[in-house]
Structure formats: C-alpha cells, structure tokens
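Structure first, commentary second.
The values are calculated or read from the model by the stated rules, or taken from the named source; none is laboratory data. Because the structure is predicted, anything quoted here is derived from the model rather than measured. Heads up, the Cβs are rebuilt from the backbone with ideal geometry, glycines too, and the neighbour counts pull from every protein chain shown.
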Amino acid sequence: MIPRISSAVTTLIDRFPVFLNDFVKLLNKNKITKRFADDVQKYIYSVDWNHKLVQVRDYFMGEAGNIFDKTTTIINSVSSTLVTVATSLIFSVFVLISKKDLKILANRVIYSIFKKETADEINKVASLSYSTFASYINSKALSSLILGLLVLIGMFILKIPFAAMAAIMVAIADFIPYVGPLIATIIMMILIFIESPFQSLVFLIFLLIVQQVQGSIIYPALAGKTIGLPSIWIIVSIAIGGSLFGVVGMLVSIPIASILYTLMNEKMDKKLEKKEISKDQIKELAEKVHYKKEED
C-alpha cells in the first residue's frame, strides 16, 4: 500500500502542469468562466512551478527527522495493535475449542456463589450477550467481505485504479460504523483523483450506490432482527464508545447497546404487565400527549 501511495504522489508532481492546462481548457468551455481563462493562464505561466516544487521538497527534507520520529511512533502503534489483535484471535479460537468445558466451569462457579434466581439471571444475560455478539460479528464480517468483493469487481469493470487497495480498505473500514466508510472513501478519492479526477467522481458515485445496497439490503438480510436498535441508539452508542475507548469502543458499542436495550425493554415490559398496562395503551397515551401539544 505504501509504495502505491508514494507512486501516486510522484505521479501528482509529474502531472501537475497537465492538471493546470486541463483546468484552463475547462474554463474555456464555459461561456461564464471563459472570460477568466486568459488571466488564469497568464498567472499559471508566470509562476515558476519547478522552483515551488523544489521548495516543497527542501521543506520536507528539513522535516525528515520529525517525519522519521512520527513514522517510528506510528509503526510501534500499529505493531502493538497487531499483537493485540493476534492475541485476541488466539484467545477467541481457544474459547471456541473449549466452549463446552468453559460453560460447565462458569456455571459451577456462578451457581456455587449466587442464589439460583440470581444465577439464572446471570446465565440469561450471558446467553443473550454471546448470541448478540456472535450474530453481530458473523453478519458484519460476511457483509464487509461482500462489500469488498463488490467494490473490487465494480472497480475492475469501470477500470478505476487502486481496485485491490480500495476493496481491502473499504471492507476493513466497514467494521467501524459511519466513521470508517467515510475515512476510507476520502482516502481512496484522493488517491484516485491523482490518477484521474473524473474517475474519482465515478468512484464516489459507484461506492455510494454499493454502500447503500449493502446497508439497506445485504446487511439487514444477514443480521436479521438480532441487533434491533433504533437509529438514535446506534448513533449515541457509537459516540459514547468512541469517546471512551476509541476505535475498539466503536466496534463493540452496537452489540453492547443492543444487549442493554433488550434487557431494558424486558424490565419495562414486566413492570407494565404488573400494572396491567398494555403496549396499545402506551401508544394511545403517547398520541394524546402529541395531540395536546399541537392544540397548545
């Protein structure tokens, strides 16, 4: 990925004069902007772009020490993250292999410490948590894989550059709700723009269509009603999870919010049942409050 980015930057420097000429041609094609074309062209030819590029190069060479330090920090951070992810995967595999034995051990500990009613409640929450997380991760992984494949195939058909890189980046970024796809889209648009401004626009339109299909059809079909969170809960949970625990918090915020939402609804349903208040009555009361506000 890094060599491709470096190559893209070099291409930008080489093609910069061509971009400027294309910009002037674009101005000449429009009646309104045509009158500014001559002034823009004079300005372009009056600037020593080679000298400007040398200044930019010298600046970055002077900042090489800082860049090296920052690069080292980033590499260390990425390495630490990879070790954490690898450890988590190994632990997950161990848990899956020993799931039955661990379940028996956990039940022995829980029922030996707590009363049966409390232990039953803990078991219920644990079962809900496991099924919610498993369903979310499985459906999200499969959905992201399908998204990546669609992006790869579509970009090859449309002959858009960086197809493999875009497919991998979009698929991985899809695990981070809302923010991830946005970041991946911006990065890839910049890289594609360097190769071809027009193709970057084509890529944006294509990706928006694919993401809409994935979010509206593919993912709901895979996830079903397991998550069942209102949109406002999803946004709030991502914001809280991200602010407290960063990217990891954003990744696990939705299933955790789904578990809390389900448990809260169950508690409220039981209390309403004891008070002999049905869901239809709650809806009627809500409508009355709404009408009352409109009348006021």
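Observations
- Residue within the range 51-69 that is loosely packed, with under 12 Cβ neighbours inside 10 Å, closer than 27 Å to V170 by Cβ, at pLDDT below 65 and not aliphatic (A, V, I, L, M) present: no
- The number of residues in the range 81-116 being more than 16 Å from Y130 (Cα to Cα), among the charged types (D, E, K, R) and either surrounded by fewer than 10 Cβ atoms within 10 Å (Cβ to Cβ) or at pLDDT below 75 (or both) comes to 2.
- Filter pass, A166 being closer than 30 Å to K103 by Cβ and of a type outside the set (K, R): no
- Subset of the range 140-194 that is assigned to a loop (DSSP other than H, G, I, E, B) and not charged (D, E, K, R) - its residue that is surrounded by the fewest Cβ atoms within 10 Å (Cβ to Cβ): Y178
- One residue from S216, S237 being crowded, with 17+ Cβ neighbours inside 10 Å, more than 30 Å from V18 (Cα to Cα), of a type in the set (G, A, S) and free of Cβ contacts under 8 Å to residues at least 24 places away in the same chain: S237
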